[in-house]
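> Structure incoming, see below.
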Amino acid sequence: MYSASDLRKGLKIEIEGQPWIITDFTFSKPGKGQSIYNCKMKNMLTGQTQNRSYRSNDKLEKPNLSDRPMVYSYIDGDEYIFMDENYVQASLKSDLLGEDRHFLTEDLEVDILFFNEGPVGITLPNFVFKTIIETEPGAKGDTATNVMKPAKIEGDYEIQVQLFVNEGDTVKIDTRTGEYVERVR
Amino acid sequence: MSSASDEACDGADLASRRSILEFRHRMLQAVRAFFDGRGYIEVDCPIRVPVPALELHIDAISAGDQWLRTSPEFHLKRLLAAGYSKIYHLGPCFRENECGNRHSPEFTMLEWYRSEAGYIDILADTKALIGSLADELLGSAHLDWQGRRIDLLPVWELVTVSDAFLEHAGWDPVKAWDADRFDLDLVEKVEPALLRTHPVVLKDYPAQAAALACLKPDNPLLAERWELYIGGLELANAYSELTDADEQRKRFEDCARERAALGKSAYPIDESFMSALQNGLPACGGVALGIDRLLMLFLDENEISRVRPFH
């Protein structure tokens, strides 16, 4: 159990059997009155958002969440399949993966977040490497670092890259921002 | 662990806030000059106390076998009982688990008291103080707070707790007291409506929320207590002080019982304060005003940590 004073941005709580993550949080306390913790939260299964206020004496359920290391295996329709070292599979639908799905590569090591026994989310490594499959040819010798152009990576996802990057190049991407970092070859 | 780069960062942060800290210094000086010019004396009260003030929703931070004060109120009243008629205190207070944009567990509080005065007299003092600080520090009678211009003179709107709740929350806490609903509606419905272009004073609290205020002689359902809001920011809490020792002991005992029921530590009654009350506290009024909040308002800052040197 959590008490209301544990509430903060990023805390995960359980309400009526569903896991929620606090996305924003305001502490108020009227003169001589009790503390009020107003929370914006997002349902970790459905993405639904809501606002709730808690008073200092309220107790909150702690969800049974755990991270398990797995590797990305393959995509089956709308389901992304991951496997642990014992070949036990877990699948996540694309809407639970969000933008993160564009940065998966075969055998990529990730953490899959489980709520009770069901997979509900993913934590990617901070950096991944993807191959450019389509972009306008780069002008030779154009090493300007601040001018960008669109390029598609495997999976048809578009990012902005530097002008000298060509099709077939591998680039490093920061998964926390979804942005290009550098060309690696 | 703080690294060399954290320390450099701290230095840069402190240096970048020079104008704020200089303004803070000028405000503290101006507050002292205001009271010194009116015949008040400044008194120091202990920061570490054997017994913290007994309040339902204020928790003290422990300091060894003692506590850090949550307010200097009881010591100031002991001075009033001893015959000091105009006193003020400016210094740090500490409250456990109070942390947010407008709350810091350590904050700077101004309290002043005078004998032969009631809460409405104290309101006149407060108006004079804030007018004088604005004139001296801002050079005007208005301020800009979070995109809104607020006129500090001439109108301070007085609204009773009953009227404010009836208008904005649809019920009257004086007629049907409900502590949980009161706090929640105050924060979610009433306080947002107090964000006006002039100061608002919420007055005449239900007797159940009297804290250390005396009840109205002509209506014991109401307490002579007010709270000042400027720009929706709660700045000060004032009472016509309760001087009846028996009533005070009863309120403390009720409070200790309620704290125990909530699973909070039930602080003992401060018997030094009680004996001062028994020996006779003159009729008096007093107020506690958050200096950091006043600075937020004057400097148009929305985070209390911005107006304090260290956080």
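Taken together, the values in this text are just the output of simple stated rules run on the coordinates, not laboratory data. These figures come from a predicted structure and were not determined experimentally. Glycine gets a Cβ as well: all are built from the backbone with ideal geometry, and neighbour counts include every protein chain shown.
> Residues of region B:118-155 with amide nitrogen under 15 Å from the 7 Å Cα-to-Cβ point of B:ASP218?
Residues passing the 15 Å test: B:120.
> Further question: What 222 nm value per residue comes from the helices of chain A, counting each DSSP H run with n ≥ 4 as -39,500 (n - 2.57) and dividing by all residues, nearest 500 deg cm²/dmol?
-500 deg cm²/dmol
> Oh, and also: Expected output is a single nm value to one decimal: the length gained when fully extending between B:CYS9 and B:ASN279, i.e. 0.36 nm times separation in residues minus the C-alpha distance. What is it?
Additional length available on full extension: 91.8 nm.
> How large is log10 I(q)/I(0) at q = 0.22, 0.25 Å⁻¹ when the Debye formula is applied to the Cα atoms of region B:97-173, each weighted equally and without solvent?
Rounded to two decimals, the profile gives -1.15, -1.08.
> For region A:152-162, just list the computed ³J(HN,Hα) in residue order, Karplus coefficients 6.51, -1.76 and 1.60, θ = phi - 60°, integers in Hz, with x standing in for Gly and Pro.
9, 9, 3, x, 6, 8, 9, 10, 9, 10, 6
> Count charges around B:LEU235 for me, please; just the other residues with Cβ under 11 Å from its Cβ, Lys/Arg as +1, Asp/Glu as -1.
-1
> If you take the alpha carbon radius of gyration of chain B and divide it by 2.2 N^0.38 Å, what ratio comes out, to two decimals?
Relative to the 2.2 N^0.38 Å estimate, chain B comes out at 1.01.
> Say we join alpha carbon atoms closer than 10 Å with springs in a Gaussian network model of chain A; which of A:GLY17, A:GLY47, A:GLY155 then has the biggest fluctuation?
Answer for the Gaussian network model of chain A: A:GLY17.
> What stretch of chain B, leaving out the sites themselves, is the longest with no GluC sites (Glu not before Pro) in a DSSP loop having at most 15 other Cβ atoms within 10 Å?
My reading of the result: B:117-302 is the longest stretch.
> What's the FRET efficiency of A:LYS40 with B:ARG48 using the Cβ-Cβ distance as r and R₀ = 45 Å, to the nearest 0.05? Walk me through the intermediate numbers first.
On the way: r = 39 Å, r/R0 = 0.87.
About 0.70, to the nearest 0.05.
> In nm, give the distance between the simple-model label positions of B:ARG249 and A:GLU182, each being 7 Å from the Cα along the Cα-to-Cβ direction.
About 7.7 nm, to one decimal.
> For region A:12-57, just say rounded, prolate or oblate: build the C-alpha gyration tensor, square-root its eigenvalues into a ≥ b ≥ c, call rounded for a/c under 1.5, and beyond that prolate if a/b exceeds b/c, oblate if not.
Taking the square roots of the gyration eigenvalues as a ≥ b ≥ c, region A:12-57 is prolate.
> Still on this structure, I have one more. Bin by bin, in steps of 5 Å, what percent of the Cα pairs in region A:1-94 do you find, going until the bin that has the longest distance?
Pair shares across the bins are 3, 12, 18, 17, 14, 12, 9, 7, 4, 2, 2, 0.
> Related question: Please give the FRET efficiency for B:SER85 paired with B:GLN146, using the beta carbon to beta carbon distance and R0 = 30 Å, rounded to the nearest 0.05.
With a Förster radius of 30 Å, E is 0.15.
> Ok, one more. When each pair of different Cα atoms in chain A is counted once in the 1/r mean, what is the Kirkwood radius in angstroms, to one decimal? Before the final figure, lay out each step's value.
Working: mean 1/r = 0.0524 Å⁻¹.
By the Kirkwood definition, the hydrodynamic radius is 19.1 Å.
> Here is a follow-up. Å³ per residue of the Cα convex hull, for region B:190-311?
On the way: hull volume 20.3 nm³, N = 122.
Expressed per residue, the convex hull around the Cα atoms of region B:190-311 is 167 Å³.
> Stick to the Cα atoms of region B:1-97, pair each with every other, and give me the Kirkwood hydrodynamic radius in Å at one decimal. Could the numbers behind the result be given before it?
Numbers: mean 1/r = 0.0608 Å⁻¹.
Evaluated over region B:1-97, this radius sits at 16.4 Å.
> Can I ask one more? When N counts the residues of the protein assembly as shown, how does its alpha-carbon radius of gyration compare numerically with 2.2 N^0.38 Å, as a ratio?
Expressed relative to 2.2 N^0.38 Å, the Cα Rg reads 1.25.
> Less than 12 Å Cβ to Cβ from B:MET27, Lys/Arg counted +1 and Asp/Glu -1: what total charge do the surrounding residues give?
Combined, the nearby Lys, Arg, Asp and Glu give +1.
> My understanding is that a pair violates if its Cα-Cα distance is over 20 Å; which of A:LYS32/A:LYS62; A:LYS29/A:LYS59; A:LYS40/A:LYS93; A:LYS59/B:LYS250; A:LYS12/A:LYS32 do that in this structure?
Correct reply: A:LYS32/A:LYS62; A:LYS40/A:LYS93; A:LYS59/B:LYS250; A:LYS12/A:LYS32.
> At B:ARG26 and B:ASP300, where each label point lies 7 Å from the Cα along Cα→Cβ, what is the point-to-point distance in nanometres?
My value for the distance between the label points is 1.6 nm.
> Provide the per-residue ³J(HN,Hα) series for region A:8-21, in order, calculated from phi with Karplus coefficients 6.51, -1.76, 1.60 and θ = phi - 60°, each as a whole number of Hz, with x at glycine and proline positions.
3J(HN,Hα) across region A:8-21, in whole Hz: 6, 4, x, 5, 10, 10, 10, 10, 6, x, 10, x, 10, 10.
> How do A:ASP78, B:ASP185, A:ASP169 line up, fewest other C-beta atoms within 10 Å first?
On the way: A:ASP78 10, B:ASP185 20, A:ASP169 17.
Fewest-to-most Cβ neighbours within 10 Å comes out as A:ASP78, A:ASP169, B:ASP185.
> Radius of gyration and Dmax for region B:116-156's Cα atoms, expressed in Å?
Calculated on Cα positions, Rg and Dmax stand at 11.8, 40 Å.
> Given a cut-off of under 8 Å on Cα pairs at least six residues apart, what relative contact order in percent is computed for region A:66-169?
21
> Starting from the Kirkwood Rh over alpha-carbon pairs, what translational D in µm² s⁻¹ does region B:210-281 have by Stokes-Einstein at 20 °C and 1.002 mPa s?
So the translational diffusion coefficient is about 154 µm²/s.
> Tell me, what is the percent relative contact order of region B:22-139, built from C-alpha pairs under 8 Å that lie six or more residues apart?
For region B:22-139, the relative contact order is 25 percent.
> Go through region A:8-115 and name the chymotrypsin sites (Phe, Trp or Tyr not before Pro) that are in a DSSP coil and have 15 or fewer other Cβ atoms within 10 Å of their Cβ.
Qualifying residues, ordered by number: A:TYR87.
> Give the distance, in whole Å, between the Cα centre of region B:159-186 and the Cα centre of region B:49-116.
About 27 Å separates the Cα centre of region B:159-186 from the one of region B:49-116.
> Can you tally the net charge around B:LYS77? Count Lys and Arg as +1, Asp and Glu as -1, for every other residue whose Cβ sits under 11 Å from the Cβ of B:LYS77.
Residues close to B:LYS77 contribute a combined charge of -3.
> Thinking of region B:255-311 as a set of Cα atoms, what percent of all their pairs are more than 18 Å apart?
Within region B:255-311, distances greater than 18 Å cover 65 percent of Cα pairs.
> While we're here: Please report, in whole Å³, the volume per residue of the convex hull around the C-alpha atoms of region B:52-180.
186
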